[in-house]
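A short write-up of the structure that comes next.
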Amino acid sequence: PVAETSGLIDQLGLIVLRKACMTARRWPEIKLSVNISPVQFRNPSFSTSVHDVLRQTQMEPERLRLEMTEGYFIQHPERASFVIEKLKALGVQIALDDFGAGFASVGYLRRFGFNRMKIDRSLVAALENGGRSLDMLEATVALARSLEIPVTAEGVESVEQASILQLCGCDELQGYLFSKPVSPEEVTLLLERQKATLPRDEQRAFG
């Protein structure tokens, strides 16, 4: 919020994106997700800046996913649609982050053609309370699947949550159950361990 109100978020956001892309060059076998501020997104030159970062870091566009919350899409749909199309033309994927925490409608999901929907952690945490939480979760995933949008669940902290989310149709899970934030060096070690457990032919495909 401080960077956004002070006008520094554009510069800071591009520094983060550039560093993330440079670091991800160590792991050619996986994709990279980077959160984008709505303030960055409303900058007319944002897509050009993303293109410059990809070129400077030699990052393949199809490996990059930009995650954005729904607020800006709802407030400025025409401008948002224009920027999304320019980013998609670069080969970059766009994810709608924190779905379920705001007011995004089916119309917006259709209009913007998101490559992925990320379910807000509040829907996942609500599973612990029972009631209609499971119904809401199933309905949300069913909505995404009807629009052929893959679904990521955020904030997964237990095996029980993971099992329910997989049964509901989430194809990606994210949360402390799998790992807390770690350094790039630890990511490299985790990938090496993962590769070592694969059959030999899959190790070659893994990289």
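Just to check your reading of the model, which residue among Asp120, Asp98 is closer than 29 Å to Arg26 by Cα and of a type in the set (D, E, K, R)?
Criteria check complete, one pass: Asp98.
From the list Ser81, Ser122, Ser133, pick out the single residue that is touching a Leu at 6+ places or on another chain (Cβ under 8 Å) and among the polar types (S, T, N, Q).
When all the criteria are applied, what remains is Ser133.
Which members of segment 56-79 meet the condition of being touching a Cys at 6+ places or on another chain (Cβ under 7 Å) and either of a type in the set (Ser, Thr, Tyr) or open to solvent by 80 Å² or more (accessible area, probe 1.4 Å) (or both)?
Matches in segment 56-79: Thr57 only.
Would you check which residues across segment 172-207 are at pLDDT 90 or above, in contact with a Lys or Arg (Cβ under 9 Å, 6 or more places away or on another chain) and acidic (Asp, Glu) and list them?
The answer is Glu172, and nothing else.
How many residues are more than 18 Å from the chain's Cα centre (by Cα) and farther than 26 Å from Pro77 by Cα if we restrict to segment 102-135?
Residues meeting the conditions: 11.
Of the residues Leu90, Leu12, only one is open to solvent by 30 Å² or more (accessible area, probe 1.4 Å), without any contact (Cβ under 8 Å) to a residue 24 or more places away in the chain, touching a helix residue (DSSP H, G or I) at 6+ places or on another chain (Cβ under 8 Å) and under 26 Å from Pro184 (Cβ atoms); which?
Values: Leu90 fails: without any contact (Cβ under 8 Å) to a residue 24 or more places away in the chain.
Answer to the check: Leu12.
Criterion first (β-branched (Val, Ile, Thr) and modelled with pLDDT under 95) does Thr69 satisfy it?
Numbers: β-branched (Val, Ile, Thr): yes; modelled with pLDDT under 95: yes.
Yes, satisfied.
Return the residues of segment 16-29 that are open to solvent by 30 Å² or more (accessible area, probe 1.4 Å) and either within 28 Å of His76 (Cα to Cα) or among the acidic types (Asp, Glu) (or both); say none if nothing qualifies.
Listed by number, the residues that qualify are Val16, Arg18, Glu29.
Output the residues belonging to segment 30-46 that are over 17 Å from the mean Cα position of the chain (by Cα) and open to solvent by 50 Å² or more (accessible area, probe 1.4 Å).
Within segment 30-46, Arg42, Pro44, Ser45 meet the criteria.
May I ask you to list the residues in segment 137-160 that are loosely packed, with under 14 Cβ neighbours inside 10 Å and over 18 Å from the mean Cα position of the chain (by Cα)?
If the condition is that a residue be loosely packed, with under 14 Cβ neighbours inside 10 Å and over 18 Å from the mean Cα position of the chain (by Cα), then Ala139, Ala142, Ser146, Val159, Glu160 are the ones that fit.
Determine which single condition Val53 fails, assuming it passes every other condition in (1) surrounded by 14 or more Cβ atoms within 10 Å (Cβ to Cβ); (2) closer than 29 Å to Val141 by Cβ.
Condition not satisfied by Val53: (2).
Please go through segment 28-56 and give me each residue that is in contact with a Gly (Cβ under 8 Å, 6 or more places away or on another chain) and touching a residue at least 60 places away in the same chain (Cβ under 8 Å), ordered by number.
Passing the criteria: Pro28, Glu29.
The values are calculated or read from the model by the stated rules, or taken from the named source; none is laboratory data. Computed from a predicted structure; not experimentally measured. Neighbour counts are summed over all protein chains in view; Cβ atoms, including those assigned to glycine, are modelled from backbone coordinates with ideal geometry. Calculation scope for accessible area: heavy atoms of the full protein, side chains included, ligands and nucleic acids excluded. Shrake-Rupley method; radii C 1.70, N 1.55, O 1.52, S 1.80 Å.
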